[in-house]
Amino acid sequence: MAAMLGLMSLTVNRLIRRKLRLSVFLLIAYVAADVALAFYPFAPDTSTQLSAFGKLAMAAAIINAAVFLLINPLRADRVPERFPTILQDAIVIALVLLASTFLSQQLVTTSAVSAVVLGFALQDTLGNAFAGLAIQSEKPFHVGQWIRVGDHEGRVAEVTWRATKLRTKAGNFVILPNNIVAKEAITNYSEPAAPLRLEVTVGASYMVPPNQVKAAIMEALRHSSRVLAAPPPDVVLLSFDDSAITYKARFWIDDYAADEQSRDEVRTAIYYSFQRHGIEIPWPIQVQYEKEWKEPDINEKVEEEERLLASVDLFATLPPELRSQVARSAPMAVYGSGETIVRQGEEGQSMFVVVSGSVSVVLEPSRDEVARIHRGGYFGEMSLLTGEPRSATVVAIGDVVVVEIVADLFRRLATVHPAAIEKIGLDAMVRRAGLEQMKTATAGTVAVETTTLMARMKKFLRLS
């Protein structure tokens with residue numbers, strides 16, 4: 001006891017003085033128990049328990065003093081970073097529990113039962129204590145650093161067994177239980193380095209070139225006293241929005257506590273820089289266009305299709321009334337670039353006229369291109385005339401508009417204008433011959449197919 005009192009007077013470390021004071025009180029408890037046993041008669045069981053308590057108090061006093069004297073410096077008022085207070089307390093408790101197993105078996109049994117009862121009663125408190133021990137061991141943050149825990153943000157004021165205390169920018173104290181801190185994601189604004197990057201967005205007129213806007217924003221950043229020169233700030237074009245081009249100014253500061261003041265200073269500097277350079281920060285703008293709705297004129301659409309059909313050799317010989325019937329009955333369709341209009345081997349009973357754009361005719365499976373058909377051309381007539389599967393695949397090159405003529409419509413035309421069927425049939429046979437030559441490289445096959453093809457065409461269309 002005298003040695004501990006002497007050490008208390010020599011050290012400047014407030015933690016050591018506080019812990020030595022606790023050891024002195026434990027030694028006083030030991031002396032009191034020893035005096036009571038010497039002068040007062042107790043029952044055997046009580047005497048045994050009181051003696052064990054005195055011995056445990058003596059052991060706890062020595063362990064407590066030894067741990068804190070060995071870990072902490074006597075001549076400096078600080079706590080070692082690797083051994084925070086909460087970790088030193090845990091070491092003392094563990095050693096005291098270990099010592100109690102050697103001092104008294106009865107005390108150990110009583111302590112075990114008490115530990116079970118206390119464990120259920122104080123599970124939240126113990127959870128906070130172990131979480132605090134983990135926080136002190138892993139050190140995700142230190143006292144004085146700015147952190148965010150969940151929705152709470154502030155400077156770390158203290159970490160105890162039960163809770164972590166934050167001082168917010170508004171001057172409030174937020175006390176977070178350690179088990180909550182251990183479960184939440186932690187953002188440390190002070191690690192790994194002191195400089196912290198902030199961002200400010202601002203919109204500028206579409207009428208000003210981006211490089212001029214960036215130069216004006218950089219000028220504003222250079223005029224801001226809180227912005228660090230290194231790492232250097234920069235400006236990026238963020239997006240093209242409805243009313244303005246949005247830019248993002250990125251800069252560094254050395255103290256997170258001044259983040260709001262730094263943003264305010266930068267925004268103010270940007271405003272005045274824009275004023276000097278004649279750059280407008282646009283108001284939210286919506287441009288309203290008024291247009292009188294006009295019902296689509298079906299006759300105009302039909303006339304346009306008639307003109308397109310008249311420019312196609314296949315329909316140039318038809319009387320105007322027949323072309324009008326085709327234009328009114330045939331649907332117009334749009335295909336995107338690379339889209340397959342017809343596929344080789346599929347069933348089909350229609351033909352297509354290219355209104356605009358171009359298409360590529362390819363043979364499967366080699367995908368060799370055998371022809372390109374442009375505006376005014378047609379394809380698919382073989383399936384229309386004979387009902388055979390498609391003899392080639394046709395793919396759109398760019399956006400393509402086509403008119404599809406189905407077999408029923410073409411059959412009605414054939415009954416009125418048989419000469420047109422003969423013309424289309426001859427054109428179809430010439431194209432068929434070219435495809436067969438590509439496939440078989442045999443010219444003699446074409447002559448044999450001519451009569452047969454015409455017969456099949458008339459049979460499919462039910463023509464005499």
Query raised in the report: Plugging the Kirkwood radius over Cα pairs into Stokes-Einstein for segment 298-353, at a temperature of 4 °C and a viscosity of 1.567 mPa s, what D comes out in µm²/s?
Result: 101 µm²/s
Report summary line: Carbon plus sulfur, as percent of the 1.4 Å-probe accessible area of segment 171-256, comes to 54 percent
**Report entry** Tensor-based shape of segment 1-105 (alpha-carbon gyration tensor, a/c under 1.5 rounded, otherwise prolate or oblate)
**Finding:** oblate
Query raised in the report: Where only protein heavy atoms count, and the probe is 1.4 Å, what is the accessible area per residue for segment 189-231 in Å²?
Result: 56 Å²
Query raised in the report: At Arg197 and Tyr271, where each label point lies 7 Å from the Cα along Cα→Cβ, what is the point-to-point distance in nanometres?
Result: 2.7 nm
Query raised in the report: Is segment 361-413 rounded, prolate or oblate when judged by the Cα gyration tensor, a ≥ b ≥ c being the square roots of its eigenvalues, rounded requiring a/c under 1.5 and prolate requiring a/b larger than b/c?
Result: oblate
Query - Placed amide H near Ser356: partners under 5 Å, 5+ positions off or other chain - result: Val401
Query raised in the report: Based on the Cβ-Cβ distance from Arg367 to Glu436, what FRET efficiency comes out when R0 is 25 Å, to the nearest 0.05?
Result: 0.85
**Report entry** Per residue accessible area in Å² of segment 297-364, where ligands, DNA and RNA are left out and the probe is 1.4 Å
**Finding:** 49 Å²
Report task. Give me the number: length gained by fully extending Ala2 to Ala36, i.e. 0.36 nm times residue separation minus the C-alpha to C-alpha distance, one decimal in nm. Result -> 10.1 nm
Query - Environment charge at Leu198 (Cβ cut-off 15 Å; Lys +1, Arg +1, Asp -1, Glu -1) - result: -1
Report summary line: Loop-resident chymotrypsin sites (Phe, Trp or Tyr not before Pro) in segment 261-292 with no more than 14 other Cβ atoms inside 10 Å, DSSP not H/G/I/E/B, are Tyr289
Query raised in the report: By how many nm would the segment from Glu280 to Ala43 lengthen if fully extended, with 0.36 nm per residue of separation less the alpha-carbon distance?
Result: 75.9 nm
Report summary line: Where a ≥ b ≥ c are root eigenvalues of the Cα gyration tensor, a/c under 1.5 meaning rounded, otherwise prolate if a/b exceeds b/c and oblate otherwise, segment 166-283 counts as prolate
Report summary line: Residue span Ala230 to Lys165: 0.36 nm per residue of separation minus Cα-Cα distance leaves a gain in nm of 20.1 nm
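The values are calculated or read from the model by the stated rules, or taken from the named source; none is laboratory data. Bear in mind the structure is a predicted one, so any value in this text is a computation, not a measurement. Backbone-built Cβ (ideal geometry, glycine too); neighbour counts: all protein chains shown. These accessible areas exclude ligands, DNA and RNA; they are computed on the full protein's heavy atoms, side chains included. Shrake-Rupley method; radii C 1.70, N 1.55, O 1.52, S 1.80 Å.
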